[in-house]
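Below: one structure, written as structure tokens.
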């Protein structure tokens, strides 16, 4: 199974519109990605909650069509914007 | 074992064991890189843990994902609380939060 960078980015942006996404296809098989995602929506949330937001955005593909997604989530806060 | 019994077993395991790792494979023979990363971290921290291999039991493999609303494995529990998957555990280990959590929960380091 596999997903393209465009598909993953589009899905994440649908649920997390302000997301700044850096996606790396780690094995060139479109199935093992490393993602670094910045978003305002992560502010004030625990790491688990932040990652769950991303998994929910991927609408059940995670662990199915998309085998592995190594996630780093970073909250954009007011101070980090300046 | 049906799903209800499996969920009861999950609740029992995370209640009766300080640290539980739901994983693919076993602690001595992890079958997935992400599971191996967490096993390595727990070994480096020198803590005992119960490894639960989900590969032989598809119902368990699905039940644990539903239980935590977390779509992937491995999944780490400390004192009954879901801590996270490989990414979060690695991040917490690297910034010292995992050691702090284990100390704060009074879990003894036994293997050094």
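A short reminder: the numbers here are calculations on the coordinates, not readings from a lab. Predicted model only: the values in this text are computed from it and were never measured. So basically every Cβ, Gly included, is an ideal-geometry build from the backbone, and we count neighbours across all protein chains shown.
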According to the square roots a ≥ b ≥ c of the eigenvalues of the Cα gyration tensor, what is the shape class of region B:3-104, taking rounded for a/c under 1.5, prolate for a/b larger than b/c otherwise, and oblate for the remainder? prolate
Separation of alpha-carbon centers, region A:1-78 and region B:39-112, rounded to whole Å: 21
Area projected by the alpha carbon convex hull of the protein assembly as shown, averaged over all directions, nm²: 11.9
Which percentage, to the nearest 5, of the DSSP beta bridges contained in region B:3-104 is antiparallel? 65
For labels at residue B:81 and residue B:26 in the simple 7 Å Cα→Cβ model, what's the distance in nm? 3.1
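Most exposed first by the Cβ proxy, i.e. fewest other Cβ within 10 Å, how do A:39, A:46, A:70 rank?
Going from least to most buried by this count: A:46, A:70, A:39.
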If neighbour count is taken as other Cβ atoms inside 10 Å, put A:5, B:38 in order from fewest to most. A:5, B:38
With springs only between Cα atoms under 10 Å, which of A:21, A:37, A:12 fluctuates most in a Gaussian network model of chain A? A:21
Tell me, B:92, B:1, B:23 in order of fewest to most beta-carbon neighbours within 10 Å? B:1, B:92, B:23
At R0 = 35 Å the Cβ-Cβ FRET efficiency linking residue B:100 and residue B:8, nearest 0.05, sits at 0.65
What is the distance, in nm, between label points placed 7 Å from the Cα along the Cα-to-Cβ direction at residue A:29 and at residue B:69? 3.1
The FRET efficiency for residue A:7 and residue B:91, from their Cβ-Cβ distance with R0 = 35 Å and rounded to 0.05, is 0.85
Inter-label distance, nm, simple model (7 Å from Cα along the C-beta direction), residue A:74/residue A:36: 0.5
